[in-house]
1. Between residue 118 and residue 291, what is the spin-label point distance in nm, taking each point 7 Å from the Cα along the Cα→C-beta axis?
2. Arrange the following residues from fewest to most other Cβ atoms within 10 Å of their Cβ: 289, 91, 134.
3. Taking 0.36 nm per residue of separation and subtracting the Cα-Cα distance, what length does fully extending residue 147 through residue 332 add?
4. Please compute the length gained on full extension between residue 128 and residue 373, using 0.36 nm multiplied by the number of residues separating them and subtracting their Cα-Cα distance.
5. For region 336-419, restrict the atom set to alpha-carbon positions and state the Rg and Dmax in Å.
6. So what's the gap between the Cα centers of region 222-256 and region 114-186, to the nearest angstrom?
7. What whole-number distance in Å separates the alpha-carbon centres of region 353-386 and region 6-81?
8. Could you work out, for the chain, what percent of all Cα-Cα pairs fall into each 10 Å distance bin, beginning at 0 Å and stopping at the bin that holds the largest distance?
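Rule-based calculations on the coordinates, nothing more; no lab input. Not measured: the values here are computed from a predicted model. Methodologically, a virtual Cβ is constructed for each residue, glycine included, from the backbone with ideal geometry; neighbour enumeration extends over all protein chains shown.
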Amino acid sequence: MNSQFYVTTPIYYVNAEPHIGHAYSTIVADVLNRFYSLAGFETFFLTGTDEHGDKIVSAAENSGQTPKEYVDRISGLFRTLWPKLNISNNYFVRTTDPGHQDTVRFILNRVNENDDIYFSEYEGLYCFGCERFYTERELVDGKCPDHRTEPEVIKESNYFFRMSKYQDWLIDHIRQNPGFIRPERYKNEVLSFLKEPLEDLCISRPKSRLKWGITLPFDENFVTYVWFDALINYVSAVGYPDGEGFKQFWPSAQHIIAKDILKPHGIYWPCMLKSAGIEPYQHLNVHGYWNVNEGKMSKSIGNVVRPLELVDIYGLDAFRYFLMRDMVFGLDSEFSEEGLVARINADLANDLGNLVSRSLTMVCKYFKGELPEPGHSDAADEELRIATLELVDRYEELMKGLGFHKALMAIWEMIGRLNTGQIGY
């Protein structure tokens, strides 16, 4: 097993302020990073912001700012939020960073030299909200499944990545590496999509339509498609191609994403890596949505949950605990403030609070507030010791398998047994 652990969040698109979905992805990465660090691994934790594309230009115009002024402001909101949520990332990458842009151009040239980029005219269904083309079979009732708007027909000349060239390789890689995409439902979703012929990927936008982006190194009249730019952050941030950080950490790379960006991470990114001659990541870890009022959070709907507002009311540790305990990783979960309060009262105040209170009371009552030297173990002590060691093994297994809620349930089962006198008393 590698003694290094590299975990990444998505780089968050700066067309809106941070919400609970961003917080969850980042807290999951932080929890994993802390777990592996405590287990003796050398770790690297990456997060950051995605700052190019049509939506950024539109959001900047609506705010009365230039794109650069706008991305500096919104990226700063993400950067300052994470320490307030006790998130300890090693690096914060921005796609406007000069080093990242150099790496994008390097990889574009490498892929182009591999004869995997060509110029062609294309007509397709384009969703400006997603900033990508859709096929008819991907639409739901003729609409984008995320934005629920009808895509526009766009016809223009662009550069394309020969993604179809790598379809068979990707299918084989996923099947030969069962944990490549997890949980399994998302591996199956990607394999289902790959049953149909994979189209090549449009990787440019003409400057006549969009200037805010990284200029293609082989044609100054075009900028790089936002996904071909953004995905490269995972290697640019650790110093690809020659940096020691890349050599040290990339072989253990694990991505944390939400299910809405499964296709770019599960299909585009592995094919891009293969074309560039880079080994694929170890794991793509996919979580569900936090739904509010039985629907996905949306700025336009007005059901966005802001993390700091909850932290200010209920406390940081309680907020982090709730997120890790109430979502089954991979499935959607319903958020409500009432649910948060109920979890705090039941688990933290009653179960854990009761155990801590009883323990402190006994120390004060029988030992004048000072812990005595350990005495000889009796049967109850031995039972507690064995059960605790078994809990540690179980916890480690569950954490490595992304079973965060089950790991916490295992701990609370022990707390319950202690509270009811089933063990140790």
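1. Label at residue 118, label at residue 291, 4.3 nm between them.
2. Least to most surrounded, the residues fall as 91, 134, 289.
3. Working it through step by step, the gained length comes to 64.8 nm.
4. Contour length minus the Cα-Cα distance gives 81.4 nm.
5. Cα-based Rg and Dmax for region 336-419 come out at 15.8, 48 Å.
6. Cα centres, region 222-256 to region 114-186: 20 Å.
7. What the calculation gives is 44 Å, centre to centre.
8. Reading upward from the zero bin: 4, 19, 29, 24, 13, 6, 4, 1, 0.
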